[in-house]
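Just below is one structure, and these are the notes that go with it.
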Amino acid sequence: MRILYVISELTMGGAQKQLVELARQLATRGHEVTIYTLNADVPRQTELQGSGVNLIVDQKQSRLDLSLLRRLRRTVTEWRPDIVHGFLFDGDFYSRVACLGTGIPVLNSERSDSYHLSGAQRVAHRLTRGLARGVVANTYAGGAFAQKLFGIAGENIHVVYNGVRLEDLESRAAAAIDYRNQFFGQPDVRVACFVGAIKPAKDFHLALATAARLIAGDPRWRVLMLGEQLTTAGLYKAGSDSDTGEYKAEVLRHHQSLGMPDKIKFGGLRTDVPAIMRQCDALYVTSVREGFPNVVLEAMALGVPVVSTEYSDIRRILPFAWQVVASRQPDDIAAAIIEVTRRNDVVAARQRQWVWNNATIEGCARALENVYQKYSRSEPCPQTA
């Protein structure tokens with residue numbers, strides 16, 4: 001099968017990470033896979049080296065770049081993929097329009113839920129949404145949201161959970177460094193980890209308040225926050241869900257006001273997050289909304305117990321109901337963190353089993369193949385043993 005993916009860019013976000021992993025896996029299963037980016041920001045390009053996945057890097061010059069649209073359509077008509085699958089808003093929109101009249105089926109993706117499109121996005125979406133034959137969501141919440149957003153029949157909404165490449169993750173998690181000692185100067189402290197960019201959807205204020213309550217209840221605790229460069233706001237006007245702007249400044253002021261810089265630390269943007277996370281006692285999440293939480297999936301695969309606020313499909317993912325805190329109260333989240341570490345062995349085992357049953361990259365690729373076969377007229381690809 002020939003599969004063409006269209007995506008805004010290949011930066012370090014969760015959707016981009018999943019696309020790269022899926023493309024690699026589908027290529028190993030005998031498919032011809034091409035990724036077409038609409039932006040030249042492609043730091044994940046190196047992850048595709050030697051995978052057999054073809055990458056076409058383009059650069060959009062305006063919101064609606066007709067020249068780029070013509071180049072994408074030329075790729076579609078010359079290569080004649082069996083399926084075109086868009087990722088993220090621009091990738092979805094451009095894939096729909098570029099394939100108009102070609103007879104090639106187009107699928108779009110839904111990676112989140114309960115968000116709002118801008119005025120221009122609403123117009124563009126409504127005028128072209130009917131060109132998508134189906135939507136692949138990575139959560140059931142996202143699938144329900146997409147059904148309303150696209151006005152599409154339920155039979156054409158497909159839920160395929162994110163997948164993790166377990167062997168690669170284990171390799172990246174191996175480390176000879178004592179991270180507790182590196183960050184806190186004490187190898188015998190307990191560490192709760194929080195991973196994410198500083199943006200409103202992550203609710204960093206609740207994360208900091210939870211950290212303070214956790215330490216107040218037991219001074220042995222430390223909290224490490226990863227995934228953010230400690231820079232100030234840029235000169236441009238940030239969007240309402242951006243990881244720059246005044247929100248970041250507010251979060252940093254909140255952190256300073258707690259007066260615990262030696263106990264609650266920002267570790268910055270790291271490439272060794274799996275290795276750090278594996279040495280932590282727990283991962284906690286305070287998101288208001290989010291799609292499929294990749295960091296939760298990785299923590300579960302690595303045997304790190306997880307506590308989360310309630311959003312999206314998190315109750316379907318975490319094995320015990322009490323791991324999800326609906327109250328959004330710092331005391332309740334801190335109490336759940338303590339409880340999850342107390343029951344570490346049973347929680348870790350159940351979490352790992354869930355990943356094996358539901359979220360390996362191999363299983364994800366097989367599920368996606370089944371979706372593509374529904375719309376493609378190509379012959380099924382021979383399955384490897």
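A dipole drawn for the chain from +1 and -1 charges on Cβ atoms has a positive end, and of ASN162, GLY101, LEU64 the residue lying farthest that way is GLY101.
Per residue of the chain, the DSSP helices (runs of n ≥ 4 H) give a summed -39500 (n - 2.57) that works out to -13000 deg cm²/dmol at 222 nm. Please label the shape of the stretch 73-156 as rounded, prolate or oblate, based on the square roots a ≥ b ≥ c of the eigenvalues of the alpha-carbon gyration tensor (a/c under 1.5 means rounded; beyond that, a/b larger than b/c means prolate, else oblate). Cα axes put the stretch 73-156 in the prolate bin. Exposure proxy ranking for HIS125, HIS158, HIS116, based on other Cβ atoms within 10 angstrom of each Cβ and starting from the fewest, stands as HIS116, HIS125, HIS158. For the stretch 167-358, the fraction of C-alpha pairs more than 21 angstrom apart is 48%. What FRET efficiency would be calculated for the residue pair GLU310, ASP168, taking the C-beta separation as r and a Förster radius of 25 Å, to the nearest 0.05? Using R0 = 25 Å, I get an efficiency of 0.25. The phi-based Karplus calculation (6.51 cos²θ - 1.76 cosθ + 1.60; θ = phi - 60°) puts the 3J(HN,Hα) values of the stretch 214-228 at 4, 6, 5, x, 7, x, 6, 7, 10, 10, 10, 10, 10, x, 8 Hz, whole numbers, x for Gly and Pro.
Pairs of Cα atoms nearer than 8 Å and 6+ residues apart set the relative contact order; for the stretch 167-358 it is 24 percent. As a rough footprinting exposure proxy, the listed residues SER51, SER109 were ranked by other beta carbons within 10 Å of their own, and the order from fewest upward is SER51, SER109.
Starting from a Cα-only point model with no solvent, please compute log10 I(q)/I(0) by Debye for the stretch 126-219 at q = 0.13, 0.14, 0.16 1/Å. Treating every Cα as an identical point scatterer, log10 I(q)/I(0) equals -0.79, -0.84, -0.92.
Legend: distances between Cα atoms for LYS60/LYS202; LYS17/LYS60; LYS148/LYS202; LYS60/LYS199; LYS148/LYS248; LYS17/LYS265; pairs beyond 23 Å are LYS60/LYS202; LYS148/LYS202; LYS60/LYS199; LYS148/LYS248; LYS17/LYS265.
Treating r as the C-beta distance of GLN182 and ALA216 and R0 as 35 Å, the FRET efficiency rounds to 0.90.
Here the simple spin-label model places points 7 Å from the Cα toward Cβ, and for ALA249 and TYR115 these points are separated by 2.5 nm. Under a model in which nothing but the beta-carbon of Lys, Arg (+1) and Asp, Glu (-1) is charged, the stretch 167-358 shows a dipole of about 200 debye around its Cα centre. Compared with the dominant principal axis of the Cα atoms in the chain, helix 88-98 is inclined by about 0°. With a Förster radius of 51 Å applied to the C-beta separation of GLN61 and ARG328, the computed FRET efficiency comes to 0.75.
Coordinate-derived values only; no laboratory data. Given the structure is predicted, the values throughout are model-derived calculations rather than measurements. Here Cβ is always computed from backbone atoms with ideal geometry, including for glycine, and neighbour counts include all displayed protein chains.
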